[in-house]
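Each remark here refers to the structure printed beneath this line.
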Amino acid sequence: SAYVEDWTEEVTNTICDDYGNAGEPIKIANREELISFLSDENKNKAGNIALVTNNIDLETWPEDYDLQCTLNLGGCTLESNHRFLRTMGNAASLQNGTIQIGSAVDAAIASTNQGAIEDVRVTVAQQTNAYATRAGAVITNYGTISRCRSSLKVQGDRNAAFVGGIAATSLSADSKTAIIDGCTVSNSVKGGTKGGGIVGQANGYVTNNTFEYGITLLQEK
């Protein structure tokens, strides 16, 4: 038996796509549509949802796009020789797909993450010597990175203060706790002034992660 209280909230109808997102997604099938979406403030804004429907070769990529909403990769792969995003805003979410790197990058996904990165794999293109100079996923994390995997080698620049397999730094700010949870790194991490298999410096939560080249650490605030 169960006790059910009266429902007092207003109920509205929503559309839900195959990935559990509310609302009708903006569908992205190629590089030009991805650039158009990221450049359009009316589409790339908090509350909107975009869905990638095909593998996309990003070719030359400016690295200066910001993400402000949900971008679901739909299980597809973005192939690139460059970092994908500059900044992920507070309402941004990147999820459910793969970013394949074919050259040297500072990080595969973003310079700064203030939102959420979930279920994203970072891989290396075949027959390449791709590596990251700062971190496998993002350089600075202020948000949440969860259930991500990186097989991108990190070879830190000698001038880098911190390097890490997922993030170089993961720092809580403005009453928001930075989190790295349930991630796996399956390649070597070295170089820089200081570093770590998962993250080089953290003052938030770093939990349930695995660095396959070393030991698994549990670090709490």
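The values are calculated or read from the model by the stated rules, or taken from the named source; none is laboratory data. Since this is a predicted model, take the numbers as computed values, not measurements. Counting neighbours? That spans all protein chains shown, and the Cβs are built from the backbone with ideal geometry, glycine included. Only protein heavy atoms, including side chains, enter the accessible area calculation; ligands, DNA and RNA are left aside. Shrake-Rupley method; radii C 1.70, N 1.55, O 1.52, S 1.80 Å.
At 1.4 Å probe size, with every protein chain present, just tell me what the per residue accessible area of the range 77-221 comes to in Å².
On the way: 6150 Å² over 145 residues.
Value for the range 77-221: 42 Å² per residue.
Need one word for the range 109-195: rounded, prolate or oblate. Basis is the Cα gyration tensor (sqrt eigenvalues a ≥ b ≥ c); a/c below 1.5 gives rounded, then a/b vs b/c decides. Walk me through the numbers before you get to the answer.
Values: a/c = 2.28, a/b = 1.31, b/c = 1.74.
In terms of gyration-tensor shape, oblate.
Quick check for the chain: number of Lys pairs with alpha-carbon distance under 22 Å, counting only pairs 8 or more apart or on different chains? Let's see the in-between values first.
Working: 27/43; 27/45; 45/176; 153/190; 153/194; 176/221; 194/221.
For the chain, qualifying lysine pairs total 7.
Roughly what % antiparallel, to the nearest 5, for the DSSP beta bridges in the chain?
Numbers: 3 of 66 bridges.
Here the antiparallel bridges make up roughly 5 percent for the chain.
If I build a Gaussian network model for the chain, linking alpha-carbon pairs within less than 10 angstrom, which residue out of 108, 92, 173 has the largest mean-square fluctuation?
173
Which shape class, rounded, prolate or oblate, goes with the range 57-124 when its Cα gyration tensor gives a ≥ b ≥ c as root eigenvalues, a/c under 1.5 marks rounded, and past that a/b bigger than b/c marks prolate?
oblate
State the extension gain, in nm to one decimal, for the chain segment bounded by residue 177 and residue 57, taking 0.36 nm per residue of separation less the distance between their alpha-carbons. Walk me through the numbers on the way to the answer.
Numbers: separation 120, 0.36 × 120 = 43.20 nm, distance 3.42 nm.
Result: 39.8 nm gained on full extension.
Suppose we flag chymotrypsin sites (Phe, Trp or Tyr not before Pro) only when DSSP calls them loop and at most 11 other Cβ atoms lie within 10 Å. Which is the longest uninterrupted stretch of the chain? Could you put the intermediate results ahead of the total?
Values: sites that count: 3, 7.
Longest gap between qualifying sites, sites excluded: 8-221.
So who's got an amide H within less than 5 Å of the one on residue 184, skipping anything under 5 residues away but keeping other chains? H placed 1.01 Å off N, in plane.
148, 149, 150, 210
From the square roots a ≥ b ≥ c of the eigenvalues of the alpha-carbon gyration tensor of the chain, which class results: rounded (a/c under 1.5), prolate (a/b over b/c), or oblate? Let's see the in-between values first.
On the way: a/c = 1.95, a/b = 1.27, b/c = 1.53.
Here the chain falls in the oblate category.
Using +1 on the beta carbon of Lys and Arg, -1 on that of Asp and Glu, and nothing else charged, what's the dipole of the chain about the Cα centre, debye to 20?
Numbers: 16 positive and 25 negative charges, 239 e Å.
It works out to roughly 1140 debye.
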